[in-house]
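Nothing in this text is a laboratory measurement; each read-out follows from the coordinates by a stated rule. None of these values were measured; they are calculated from a predicted model. Heads up, the Cβs are rebuilt from the backbone with ideal geometry, glycines too, and the neighbour counts pull from every protein chain shown.
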Ligand SMILES: Cc1cc2nc3c(=O)[nH]c(=O)nc-3n(C[C@H](O)[C@H](O)[C@H](O)COP(=O)(O)OP(=O)(O)OC[C@H]3O[C@@H](n4cnc5c(N)ncnc54)[C@H](O)[C@@H]3O)c2cc1C
């Protein structure tokens, strides 16, 4: 049996960062793929939105589990994270909504530097961990590796082709929440074929009392874009299902509303269109809407609003003006499914109540640590999920190392 001080299960961003934080110790990474960071390479469309640079308090406020994440975020701040890469020649740019990307726009460069830091770490590829048992002060993994500390960083249960197949939830019996699709495109109850490619910029999408500002992209299969992906997390949290039990999720009576003009309220909008309609009485309604909506989206919009676009502005009835305002401020769409193959993240995981947030150590099992997407906290799109992976990974590695 091979012996190590720390064994890390999973070589994604969380596992790699845990190994970097445990520098100087005798560490092994056990990775079932033939390479590290397969999912990392896909991030940000291959550009890697590595973190979000909002001020730390504001950043924490955007997570349901901010109290749990706080210590890890303060332990590996964005400054410290980015400096790790800057020291090796990779700089970063900040785009809108505080999203940070490598200047080279290549996730591959992020992975390359992480691997440079791992030169002194043993990495065993093609090593699928199926058993972890505790024998006295040691953990035994697959009857082959012996280690004083184990960090489980096996990721979630979605995008399984990258390696995250939910194994970490089955190997040990640490308490978990239900596992659900997150940051997932939505399938709406409409044939969007002829509208595919239309982008609705800067709209607000809401589900019940939650809403997100951002772009919405119409695709052949339905809806995607940051605002849709973010609201998908809220829909998932609200539904009762568990991906470890069943991958087919039925959505019943799920409706979202798109506010196409989030910068004005209903009263202001009604007053504006009433004035415009008086001034431009001879124009057709469908032509007037071109000033407010993407041209090719207008037929779908008119249909949903239930108003005839061929009517002259001067002849639009009062009740139809109200219908238009209602549809512009809350275009209601029925959602009938998740485009599950594209779910970027797992909502839910190892319960925060089962983990000491100051160390990432299991409360029940001394010497066992968790990090990354396998944990319950989940972020919206914009660098928030890699932030969780790197920060919790760093804290787990540091804590395991100190506890030796
Ligand atoms: C298409 C896509 C784009 C994304 N873009 C962004 C983005 O731009 N910004 C952002 O913040 N987040 C993004 N994310 C989310 C981000 O990739 C994850 O949050 C992050 O990868 C989680 O890191 P992790 O190390 O916890 O898990 P993973 O990256 O999933 O790594 C887990 C590792 O464990 C290994 N493993 C699993 N089970 C075993 C086992 N039994 N034995 C051995 N090894 C095992 C896996 O093979 C894998 O290498 C994106 C996700 C996807 C799918």
*asked:* How would the stretch 182-243 be classified by its alpha-carbon gyration tensor: rounded, prolate or oblate, with rounded meaning a/c under 1.5 and the a/b versus b/c comparison settling the rest?
replied: oblate
*asked:* Place a point 7 Å from Cα of residue 364 in the direction of its Cβ. Which residues in the stretch 106-138 have their backbone N less than 19 Å from it?
replied: 130-138
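Which FRET efficiency, nearest 0.05, do residue 77 and residue 292 yield, Cβ-Cβ r, R0 45 Å?
0.60
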*Which distance in Å, rounded to a whole number, links the C-alpha centroids of the stretch 279-350 and the stretch 98-159?*
47 Å
*asked:* For a bin width of 10 Å, list the pair-distance distribution of the stretch 266-329 built from all Cα-Cα distances, rounded to whole %.
replied: 23, 63, 13
*Starting from the Cα coordinates of the stretch 98-216, work out the convex hull volume and express it per residue in Å³.*
226 Å³
_Which log10 I(q)/I(0) values does the stretch 356-404 give at q = 0.18, 0.32 Å⁻¹ under the Debye formula, counting every alpha carbon as one identical point scatterer?_
-0.52, -1.21
*Please find, in a Gaussian network model of the chain (springs between Cα atoms separated by less than 10 Å), the residue of 374, 157, 171 whose mean-square fluctuation is greatest.*
171
_Calculated P(r) of the chain - Cα pairs past 42 Å, %_ = 23 percent
*Listing 69, 375, 172 from the residue with the fewest other Cβ atoms within 10 Å to the one with the most, what is the order?*
172, 69, 375
*Would you look at the GNM of the chain, springs on alpha carbons closer than 10 Å, and say which of 113, 151, 380 moves the most?*
113
_the chain: calculated mean residue ellipticity at 222 nm from DSSP helix runs of at least 4, using -39500 (n - 2.57)_ = -8500 deg cm²/dmol
*Using the count of nearby Cβ atoms within 10 Å as a rough guide to exposure, how do 338, 63 rank from fewest to most?*
63, 338
*Taking the chain and dividing mean pair separation by its residue count, relative contact order in percent (alpha carbons under 8 Å, at least six apart)*: 25 percent
*Which ordering of 101, 192, 247 is given by a fewest-first count of other beta-carbon atoms within 10 Å?*
247, 192, 101
_Working only with C-alpha atoms, what are the Rg and Dmax values of the stretch 6-87, expressed in angstrom?_
14.3, 38
